[in-house]
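First comes the structure, then the notes that go with it.
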Amino acid sequence: MSISDIITAISNAPRTGRFLSAIVAAGWSPGTGNQQIFVDPELAASMIHEADTFLDRAVVLFLIRRRLRATQALTWSDVSVYYSNYFAAAAVSRLALRSITFVHGDVYKITPTAPMSFQFSVRRSSAFASHRQTWDMYYDAVAYLAWPDPNTISLLAPVIHRHRERMVRDAVNYTPGRGFLEIHRSAGKYKASTKHLATINESTTPIDNSAFLDVMALRRLRHAFGLVHEIQKGFLSTSEIASIRKTRELLIRRYSTDIRDTEELLIAL
């Protein structure tokens with residue numbers, strides 16, 4: 001499935017603003033199996049609607065990391081940047097017309113089978129949906145779209161050493177002794193230990209998990225912005241695209257506390 005296929009599917013889809021969970025809940029047929037085929041033009045439009053929603057979350061969570069670090073809350077800053085990565089990943093998956101969606105406690109995996117005919121496979125599972133599923137779907141989506149170039153794809157969806165972002169988050173949440181070390185440091189020692197996070201340096205290997213999360217979040221936001229623009233210009237007018245961009249620009253300016261972050265994201269827009 002190419003970007004032009006996605007554009008074709010979206011161009012002919014009604015944009016009602018409904019979320020996937022509502023569409024699946026209304027269209028699911030109980031008692032007819034855990035995998036069903038949906039033929040619904042609204043699904044494609046809903047994917048793009050949710051992608052925009054998740055991308056806004058990713059932007060805000062990336063930007064507020066500096067406020068958290070300024071209050072000596074490095075661990076929560078890392079969690080915030082993790083979720084920036086996570087929501088950017090969820091957005092790109094939806095731009096590729098695929099999703100992990102929750103409905104009434106069950107998990108539904110939605111993937112395109114014939115998107116230009118508005119046909120999707122919807123598979124239900126009562127099992128708990130882990131972050132690993134969302135990341136695996138993202139890696140597949142990035143590789144499948146193959147946009148914009150092989151180097152970007154290898155950075156965002158590496159063949160080996162995947163899931164580092166998720167493992168950082170899991171360690172903080174579930175492993176005693178990981179995270180929150182900063183709360184017992186003096187202000188001077190804390191400032192010295194986080195000095196390298198003042199800028200995002202993509203030219204060298206990140207020296208720790210915090211720097212790694214920053215670098216990957218910025219890369220994912222750039223990629224998602226570019227992909228959104230590629231898709232939007234295929235089915236939206238110039239004025240519609242400008243309006244969406246302006247709204248996101250205002251969001252960036254509202255939450256950014258650092259000119260470097262502002263410039264990086266506005267250039268990517």
Whole number please: convex hull volume per residue of the Cα set in the chain, in Å³?
136
Hey, if you put +1 on the Cβ of every Lys and Arg and -1 on every Asp and Glu Cβ in the stretch 1-126, which of 115, 27, 54 ends up farthest toward the positive end of that dipole?
54
For the stretch 180-223, what is the Kirkwood estimate of the hydrodynamic radius, computed as the reciprocal of the mean inverse distance between distinct Cα atoms, to one decimal in Å?
11.6
Distance histogram in 10 Å bins (all Cα pairs of the stretch 32-147, percent per bin):
14, 38, 31, 13, 4, 0
For the stretch 131-237, just the Cα set please: Rg and Dmax, both in angstrom.
17.1, 54
If one builds a Gaussian network model of the chain from Cα atoms under 10 Å apart, the most fluctuating residue listed among 159, 215, 60 is 159
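Need the full-extension length gain, residue 246 to residue 189, defined as separation in residues times 0.36 nm minus the C-alpha distance. One decimal, nm.
Working: separation 57, 0.36 × 57 = 20.52 nm, distance 4.03 nm.
Between residue 246 and residue 189, full extension yields 16.5 nm more.
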Only Cα pairs under 8 Å and at least 6 apart count here; give the relative contact order of the stretch 15-143 as a rounded whole percent.
28
Taking the stretch 150-245 and dividing mean pair separation by its residue count, relative contact order in percent (alpha carbons under 8 Å, at least six apart)
21
For 108, 174, what ranking results if the residue with the fewest other Cβ atoms within 10 Å of its Cβ goes first?
174, 108
Placing unit charges on C-beta atoms (Lys and Arg positive, Asp and Glu negative, everything else neutral), compute the dipole magnitude of the chain about its Cα centre in debye, rounded to 20.
740
Fewest-first ordering of 47, 216, 1 by Cβ atoms within 10 Å yields 1, 216, 47
For the chain, with +1 on Lys and Arg beta carbons and -1 on Asp and Glu, the positive-most of 243, 134, 201 along the dipole:
201
Once every Cα of the stretch 1-74 carries one equal point scatterer and solvent is ignored, give the base-10 log of I(q)/I(0) from the Debye formula at q = 0.17, 0.24, 0.27, 0.28 Å⁻¹, two decimals.
-0.77, -1.09, -1.19, -1.21
Using 0.36 nm per residue, how much length does the chain from residue 180 to residue 67 gain when fully extended, once their Cα-Cα distance is taken away?
39.1 nm
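Quick note: the coordinates plus some simple rules give every number you see, no bench work behind them. The model shown is predicted, which means the values in this text are computed figures rather than measured ones. Here Cβ is always computed from backbone atoms with ideal geometry, including for glycine, and neighbour counts include all displayed protein chains.
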